[in-house]
Amino acid sequence: MFFSIVIPCPKITIGLEKETVPAILKQGDNLEIIIVPDQKTSKKFSKTKILPLAGSPAQKRNYGLKQARGEIVVFIDDDAYPGLGWLENIKKNFNKDPNIVGVGGPGLTPPHDPFLAKTSGWFWASPLGSGGAGQYRNWPQKKRNVDDYPTFNLAVRKEALNKIGGFSCQLWPGEDTKLCLDLVYQLGKKIVYDPASVVFHHRRKVFLPHLKQLGRYGYHRGLFAKLFPQTSKKPGYFLPALFALGLLLGPLTYFFFFSFGLITLANFLKNLLLIGFALYLFLLLLNSLWVLAKSKNIAIAFLLLITVPISHIYYGIMFIAGLFRYLKD
C-alpha cells in the first residue's frame, strides 16, 4: 500500500521542515510527500514534491490529489506531525474492510507547546470544551465509525476521492465536512476513527488567535446546520448558541416580563436561568478537575474556568450569525 501525504500551506515553515516532514519520513518507505505552498521555494526534502499553488486549502488539496501516486491519500496540516506507527495503523484499517474509504485519528497538543497554546489544546481535548465537535477528535477514545472528520489527520482512498470530485472549493473552513458527507452518504462507505492513528497538532494561543479560529468554526457550523443537516444539525453544535442567548438575552427578558407585571413568567424564567447557569458552573468545575487530573497543571485547569465560557459564548454568537446568514441568503 502506497501513501501520498498532501500538506497545503502558505509557506514552508520551520515546523514543517523540522517536525512534520521528518516525522512522516519515519513512517516507512512506501510513501511520498506533496507540499503545496503559495509560491516556489528552494527547499528540498527526501521523497517530497513541492508544487506551488496560490489558492484555498481545498484547492491546494485537490491539486495535490491530482499529482498523488498513492492509492491512499493522507491529509495533514502543516502545523501537525504524526506519531510513531501512524501510517501502519491507517493501513491496518484499510486492509480490514474494502468499504472503509477513510481513516482519521486524534490530534493531540504537542507536549512542548507554550502554556497559552496548551490551554487551547486542553479546551479542545476536554469533555465540556470540545462539546459538539467531539472530544474524540482531540483526545483518544474508543474506535468508531464517523461521518465528519477534519483534515488535520484524515486518510482517504484515492479512488473514492476521484468519484466525489475531491474537495468543494466553495467552503473554508468546512470543506472536510462536505467531503466526509459525500463519502458516507453519497458513496455509502465508511470512515473509521482510530485512536491509535495519532498526530500532534499545534494550537492557537488563547485568547485572540484561539477565538479567531473558533469563530470561523462556529460561523460555518451555523451555515452547515441548514446546508448539511445530516452531520451538522446536532444538539452539541447548538448548545453554545443557547448558552450565549441565555446569558445575553435572559436577564433582559426577565426585566421585560417583570416591568409589564408578568410576575409568574418572570419568576419561571429566573428559576430556569439560575438552574441552567448553576448546572453549567458545576460542569465547568468538573471539566477543570478532569483537565487537572490529566494534565497535572493547575494553572491550565484554572485558566480553563475562564477560557471555556468565553469560547462557548463567542462560538455561540458566530454560530447564530452563520445560521442567520444562510436564512437571509
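Quick note: the coordinates plus some simple rules give every number you see, no bench work behind them. Worth saying up front: this structure is predicted, and the values here are computed from it rather than measured. Using ideal geometry, Cβ is built from the backbone for each residue, glycine included, and neighbour counts are taken over all protein chains shown.
For the chain, find the longest principal axis of its Cα atoms and tell me its angle to the long axis of helix 208-227, 0 to 90°, nearest 10. On a 0 to 90 degree scale, this one is about 90. Taking Cα atoms only, the orientation of helix 263-295 departs from the longest principal axis of the chain by about 40 degrees. Could you state the number of Å between the C-alpha centres of segment 73-140 and segment 298-323? First find each Cα centre; the distance between them is then 21 Å.
Computed about its Cα centre, the charge dipole of segment 20-93 is approximately 260 debye, with only Lys, Arg, Asp and Glu carrying charge at their Cβ. Longer than 27 Å from Cα to Cα, which of Lys142/Lys190; Lys142/Lys226; Lys60/Lys91; Lys91/Lys189 are they? Say none if no pair is. Check vs 27 Å cut-off fails for Lys142/Lys226.
If you place +1 on the Cβ of every Lys and Arg, -1 on the Cβ of every Asp and Glu, and leave all else neutral, what size is the dipole of the chain about its Cα centre, to the nearest 20 Debye?
180
Amide H to amide H, with H built 1.01 Å from N, Ile76 comes under 5 Å of Val6, counting only residues 5 or more places away or on other chains. Here is the link list: Lys118/Lys233; Lys44/Lys96; Lys49/Lys234; Lys47/Lys234. Which ones come out longer than 32 Å on Cα distance? Beyond 32 Å between Cα atoms: Lys44/Lys96; Lys49/Lys234; Lys47/Lys234. Can you give the angle from 0 to 90° between the axis of helix 298-328 and the longest principal axis of the chain, with both taken from C-alpha atoms, to the nearest 10? Helix 298-328 sits at roughly 90 degrees to that axis. Cβ crowding within 10 Å ranks Cys9, Cys180, Cys169 as Cys169, Cys9, Cys180, fewest other Cβ atoms first.
Distance from the Cα centroid of segment 222-246 to that of segment 1-70 is 34 Å (rounded to whole angstrom).
Stretching the chain fully between Asn267 and Leu279 yields a gain of 2.5 nm (0.36 nm per residue, less the alpha carbon separation). Here's the list of aspartates and glutamates a cross-link from Lys18 could span, going by alpha-carbon distance under 20 Å and ignoring same-chain residues fewer than 8 apart: Asp29, Glu32, Asp38, Asp77, Asp78, Asp79, Asp113.
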